[in-house]
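Derivation of every value follows stated rules applied to the coordinates shown; laboratory data play no part. Note that the structure is predicted; figures quoted are calculated from it, not measured. In this analysis, Cβ positions are derived from the backbone assuming ideal geometry, glycine residues included, and neighbour counts consider all displayed protein chains.
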Amino acid sequence: MTARENLLAVLCLSLLVPLSARGAEPGIPVLDDWFGQDKALHFGVSVGLAGAGYAGGALLFEAPEARWISGAGVALGAGVAKELYDAGRGSFFSFKDLTWDVLGTATGLGLSWAVDRLFFQRDGGVPAAQGSGGGLPGGRRPLLTVSVHAGGHPQGMPGNGRNDSVMLLLLGGCW
């Protein structure tokens, strides 16, 4: 095993340690239903955290699998931490909440991957900025032009001197 695989195995096993250290199973209230309001919150927050973790992984790492791992780690780490916090303050560890965290994490990672694939990567794994078109629809390339004569009257007549500053125009490449 490589050092990276060893580290991942240790991290995964460290998540199991708090679960094995639990004492007697506290009574789970009847009000902890599968579709309660807190389940929607767990799902939504996990979607957002998984997306943020995936984006952070995309900024920090080149490997695509590191994006998935960082997104899942952030979202599931927060979900498990929240349940451990609840258990520590006298409430209970809800596996139903954790299930919704897992579903939200999977949804957030799937959406993040789709956005990443659609806007930032090409078929061969080449980033869209290096391919043709820079990721813009229709193969357009962004073009930065400088014009000292962009000011003035809209019909091309000379202006009054107020708009003679240099203007930067970002054109979509279709002109």
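Remarks
- Under 5 Å, built H, 5+ apart or other chain: amide partners of GLN121: ALA128
- For the pair PHE120 and ALA66, label points projected 7 Å from Cα toward Cβ lie 1.2 nm apart.
- Amide H contacts of PHE61 (H built 1.01 Å from N, in plane; Pro and chain starts excluded): no residue 5 or more places away or on another chain comes under 5 Å.
- Rh (Kirkwood; distinct C-alpha pairs) - the stretch 34-131, Å: 14.1 Å
- Averaged over residues, the count of other Cβ atoms within 10 Å places the peptides 75-83, 60-68 in the sequence 75-83, 60-68, highest first.
- Within the stretch 34-131: Cβ-based charge dipole about Cα centre, in debye rounded to nearest 20 (Lys, Arg +1; Asp, Glu -1): 100 debye
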